[in-house]
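Enquirer: Take this structure first; my questions come after.
Bear in mind these aren't lab numbers, they're just calculated from the coordinates by the rules spelled out. In this text, all values refer to a predicted model and were calculated from it rather than measured experimentally. Cβ placement follows ideal geometry from the backbone for every residue including glycine, while neighbour counts extend to all protein chains displayed.
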Amino acid sequence: MTAPVKTNTTGHISKLEKEQRQQAKEALEKYPELSASAPSWLDEEARKEWERVVPLLKESTPVSELDTSMIASHCTLYSSIVRTTKQINEYGEVIETEHGPRQSPYFMARDKSIKEMKAVDSQLGLTPQSRARLEIHRAMNDTPKDEFEEMLE
């Protein structure tokens, strides 16, 4: 996913900045559309997540076919978290070994997947903080017209 175009965050927005914002918006619309179909190599749980998240992303962020691998990463990590959580529920967070009790390898794998998913999700706008940044950026781009500004242009 592309990062928002950086612009002034306070004060007057120049005609040039307005044009740049419009050009950036038009450029984002030219990227190939993201397919609603999940990649065939995703497992069943990851495909379900793809079908859940892609429609939400399409309506709220400028995603394209170029973002397929990033979204698939989110879905794969989600599937891994579900799978390892089921194993933890079955065997517990601590397992007995010949050397005594040890933390379950499923627990460590899930923990790693959660950390990786947080990084991916922040880039896709799938965390509350990243969505807030997107909405603030949108609000700044929807600045009301100033009747006196038109006289200056």
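Enquirer: Which whole-Hz ³J(HN,Hα) couplings does segment 35-46 yield from phi under the Karplus relation 6.51 cos²θ - 1.76 cosθ + 1.60, θ = phi - 60°, glycine and proline marked x?
Expert: Rounded to whole hertz, the list is 5, 6, 7, 5, x, 5, 7, 6, 6, 4, 5, 5.
Enquirer: Which distance in nm do the two modelled labels at ALA119 and SER60 give, with both placed 7 Å along the Cα-to-Cβ direction?
Expert: 2.3
Enquirer: Here is a follow-up. Within the set of other residues whose C-beta is less than 14 Å from the C-beta of ASN89, count the net charge using Lys and Arg as +1 and Asp and Glu as -1.
Expert: Working: positive: ARG83, LYS86, ARG110; negative: GLU90, GLU93.
So the surrounding residues net to +1.
Enquirer: Taking a threshold of 27 Å on the Cα-Cα distance, which of the pairs LYS58/LYS118; LYS15/LYS118; LYS18/LYS118; LYS15/LYS58 fall above it?
Expert: Values: LYS58/LYS118 20 Å; LYS15/LYS118 38 Å; LYS18/LYS118 33 Å; LYS15/LYS58 29 Å.
Going by Cα-Cα distance, LYS15/LYS118; LYS18/LYS118; LYS15/LYS58 fall outside the 27 Å limit.
Enquirer: Residues with beta-carbon under 12 Å from that of GLN129, excluding GLN129: net charge, scoring Lys, Arg +1 and Asp, Glu -1?
Expert: Working: positive: LYS118, ARG131, ARG133; negative: ASP121, GLU135.
Local charge sum for GLN129: +1.
Enquirer: Here is a further query. Report the local net charge at LEU56: Lys and Arg +1, Asp and Glu -1, summed over other residues whose C-beta lies under 14 Å from its C-beta.
Expert: On the way: positive: LYS48, ARG52, LYS58, ARG131; negative: GLU49, GLU51, GLU59, ASP67, ASP121.
Local charge sum for LEU56: -1.
Enquirer: Reported to two decimal places, what Rg/Rh ratio describes segment 63-116 when computed on Cα atoms with Rh from the Kirkwood expression? Present the calculation step by step, with values, prior to reporting the outcome.
Expert: Numbers: Rg = 14.7 Å, Rh = 12.4 Å.
With Rg and the Kirkwood Rh in hand, the quotient comes to 1.19.
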